[in-house]
Amino acid sequence: MERQLEEILTGIELMGNLSETAMAQARSRQEVLAKPTGALGELEEISIKLAGITGQVKNHMTKQAIAIFSADNGVVEEGVASAPQSVTLSQTINFTRRLTGVSSMAKYFDIDLLVVDVGVKLPIPEELYCPEMIEHQCSDVSCLQGLTKRIVNRRIGDGTKNLAKEPAMSRQEAIRAILTGAEAVEAIKRCGYDIFGVGEMGIGNTTTSACVLASLLNKKATEVVGRGGGLTDAGLARKLEIVDEAAAACASMDTIDILANVGGFDICAMVGAFLGAAYYKLPVVIDGYISAVAALAAYRLVPAVSHFMFGSHVSKEQGYVIAMDALGIKPYFNLGMRLGEGSGCPISFKIIETACAAMNGMATFDEGAIDADYLQEAKKGNFF
């Protein structure tokens, strides 16, 4: 498995650059569109980056999916979570019923979900599983749509071990989870999606995320720890203690060993999804805190992955800004959101679509020039 991961990392290093030619063409077009240069701000930068990814100046990001990775975390034994682990199970099932925050938005906007169980502790009913990620080749999105009411079984264990007492998982388990995330993106690519987002579900994963972030950036717990879903003062104190101890223990470790020792199956799979975005050349949207930490871990493995990443919302978790700053990726909006699940992705997709619409539909000053024939037709009332 380690060799398979190394092949992905090497492939990204060799082929993960953006098309400078397409970006230059997109930038040149933005400069001559019928508006002051830079008047559309970040929307212009989005369209230019998309051109670099696809090699085309004009793009359509209308086929959208969100990959959601679910897993439990043994560290909840330490009282660092405000909700029971049964919530991981119920929400994972409710993704497929379109009853959660992200899935209700996805239903409204006709966005498909790929829900993957990489280690939910409590048993998911067997009839809800679809054991294969995608069973056949296809030229459209029909096969992923068929998974909307199913959960892909990629279980590695019944949650991780308690990272406060022992490594959360083995290195091989971490790599297996990373490869699962990359496999999900391969399926998304094969089914013809234009863009996807990365979400998660796992009680206790703001603690694992804080441990990973503190370890990657040598930060104190007070800089990266928040209350998660609504932690008590006692729980917060214990969370701070665990994160500082984890960061100290991981001081000399590489990124994969950090993930194995203090991460979660969900975070590792998300790392793989971000790597997969670069490997399969797909734009990918970062959700909130946990998604941002996974994106940063992927970036630490191979920096070129950031070329394919787009932001969404500003998370209420204080470590989020630290992670995004380290990535050099900007969030696009701040609605005070702190749900997770990938809930920022549908909104970001619409912003990215808007950037495409402006690039594709706006005329240059020359293209939009009003000639005498047009005015004559208008005068006759032929346009109204």
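Report, in cubic angstrom per residue, the convex hull volume of the C-alpha atoms of segment 58-100. Before the final figure, lay out each step's value.
Details: hull volume 5.0 nm³, N = 43.
So the per-residue Cα hull volume is 117 Å³.
Using each residue's phi in segment 86-100, evaluate 6.51 cos²θ - 1.76 cosθ + 1.60 at θ = phi - 60° and report the 3J(HN,Hα) Karplus result to the nearest Hz, with x for Gly and Pro.
4, 5, 4, 4, 5, 6, 4, 5, 5, 4, 6, 8, 6, 10, 9
Using just the helices of the chain, give the 222 nm mean residue ellipticity in deg cm²/dmol: DSSP H runs with n ≥ 4 each add -39,500 (n - 2.57), and the total is spread over all residues, rounded to 500.
Numbers: 16 runs with 188 residues, N = 384.
Calculated mean residue ellipticity at 222 nm is -15000 deg cm²/dmol.
Taking 41 Å as R0, compute the FRET efficiency from the Cβ-Cβ separation of Thr37 and Gln318 and round it to 0.05. Intermediate results must be reported in sequence, preceding the final value.
Details: r = 36 Å, r/R0 = 0.87.
With R0 = 41 Å, the Cβ-Cβ based efficiency is 0.70.
Residue by residue, what Karplus-based ³J(HN,Hα) values in Hz, rounded to whole numbers, does segment 111-123 have, using 6.51, -1.76 and 1.60 with θ = phi - 60° and x for Gly and Pro?
Using θ = phi - 60°, the values come out as 9, 8, 10, 10, 9, 10, 8, 9, x, 6, 5, 7, x Hz.
Listed highest first by mean packing, meaning other Cβ atoms within 10 Å per residue, what order do 105-113, 19-27, 176-184, 65-73 come in?
Working: 105-113: 19.1, 19-27: 16.0, 176-184: 25.2, 65-73: 30.8.
Answer by packing, highest mean first, reads 65-73, 176-184, 105-113, 19-27.
Please report Rg (one decimal) and Dmax (integer) in Å for the Cα set of segment 190-247.
Answer for segment 190-247, Rg first and Dmax second: 14.7, 48 Å.
Please determine, in degrees from 0 to 90 and to the nearest 10, the orientation of helix 345-361 with respect to the longest principal axis defined by the Cα atoms of the chain, where the helix direction is its Cα long axis.
20 degrees
For the chain, with every protein chain kept in place, what is the accessible area per residue (1.4 Å probe, Å²)? Mind showing how you got there, number by number?
Values: 15810 Å² over 384 residues.
Roughly 41 Å² per residue, with all protein chains present.
Once you've got the Cα coordinates, tell me which of Lys35/Lys316; Lys161/Lys219; Lys219/Lys316; Lys220/Lys350; Lys149/Lys239; Lys58/Lys189 are over 26 Å apart. Walk me through the numbers before you get to the answer.
On the way: Lys35/Lys316 35 Å; Lys161/Lys219 23 Å; Lys219/Lys316 18 Å; Lys220/Lys350 36 Å; Lys149/Lys239 35 Å; Lys58/Lys189 19 Å.
Over 26 Å Cα-Cα: Lys35/Lys316; Lys220/Lys350; Lys149/Lys239.
Using Cα pairs under 8 angstrom and six or more residues apart, how large is the relative contact order of the chain, in percent?
Details: 804 pairs, mean separation 86.7, N = 384.
That works out to 23 percent.
By how many nm would the segment from Ile124 to Leu14 lengthen if fully extended, with 0.36 nm per residue of separation less the alpha-carbon distance? Kindly include the intermediate steps, with their values, before the conclusion.
Numbers: separation 110, 0.36 × 110 = 39.60 nm, distance 4.01 nm.
Gain in length upon complete extension: 35.6 nm.
Would you please give the residues with an amide H less than 5 Å from that of Leu113, counting only those at least 5 places away or on a separate chain, with H modeled from the backbone geometry?
Ile66
The values are calculated or read from the model by the stated rules, or taken from the named source; none is laboratory data. A quick note: this is a predicted structure, and the numbers were derived from the prediction, not measured. Note: ideal-geometry Cβ built from the backbone for every residue, glycine included; neighbour counts use all protein chains shown. Note: areas computed on protein heavy atoms with side chains; ligands, DNA, RNA excluded. Shrake-Rupley method; radii C 1.70, N 1.55, O 1.52, S 1.80 Å.
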